[in-house]
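Engineer: One structure, as structure tokens, below. Some questions next.
The values are calculated or read from the model by the stated rules, or taken from the named source; none is laboratory data. Bear in mind that the values here come from a model prediction, so they are computed numbers and not experimental data. Methodologically, a virtual Cβ is constructed for each residue, glycine included, from the backbone with ideal geometry; neighbour enumeration extends over all protein chains shown.
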Amino acid sequence: MTAPSEASKTRQRVVSPCAGVCILHTETKFCLGCYRTVGEIAGWQAMSADQQHALMAELAQRRIADRGA
């Protein structure tokens, strides 16, 4: 296991992106409010700050892809 970088030591955890619209899309299985999967929603509090930031970047891409479809 590698030691955390200085940047990750100071990175702040992210407030949950929950939008209060908890409806799963039947095909993608993404929540239509926050674009997370059930597993991502359930595991949010256990994620490190780095994992949360990485997922937030992924959610932005999912949102863009969904709106472009």
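Engineer: Give me a count of the residues in region 20-43 that are within 12 Å of the chain's Cα centre (by Cα) and either among the basic types (Lys, Arg) or outside any helix (DSSP H, G or I) (or both).
Structural biologist: 7
Engineer: For residues in region 47-69 being outside any helix (DSSP H, G or I) and at pLDDT 95 or above, which is surrounded by the most Cβ atoms within 10 Å (Cβ to Cβ)?
Structural biologist: Met47
Engineer: May I pose another question? Just to verify a result, which residue in region 33-46, among those that are in contact (Cβ under 8 Å) with a residue 12 or more places away in the chain and hydrophobic (A, V, I, L, M, F, W, C), is surrounded by the fewest Cβ atoms within 10 Å (Cβ to Cβ)?
Structural biologist: This residue is Val38.
Engineer: Restricting to region 44-69, count the residues that are closer than 13 Å to Cys18 by Cα and more than 10 Å from the chain's Cα centre (by Cα).
Structural biologist: 1
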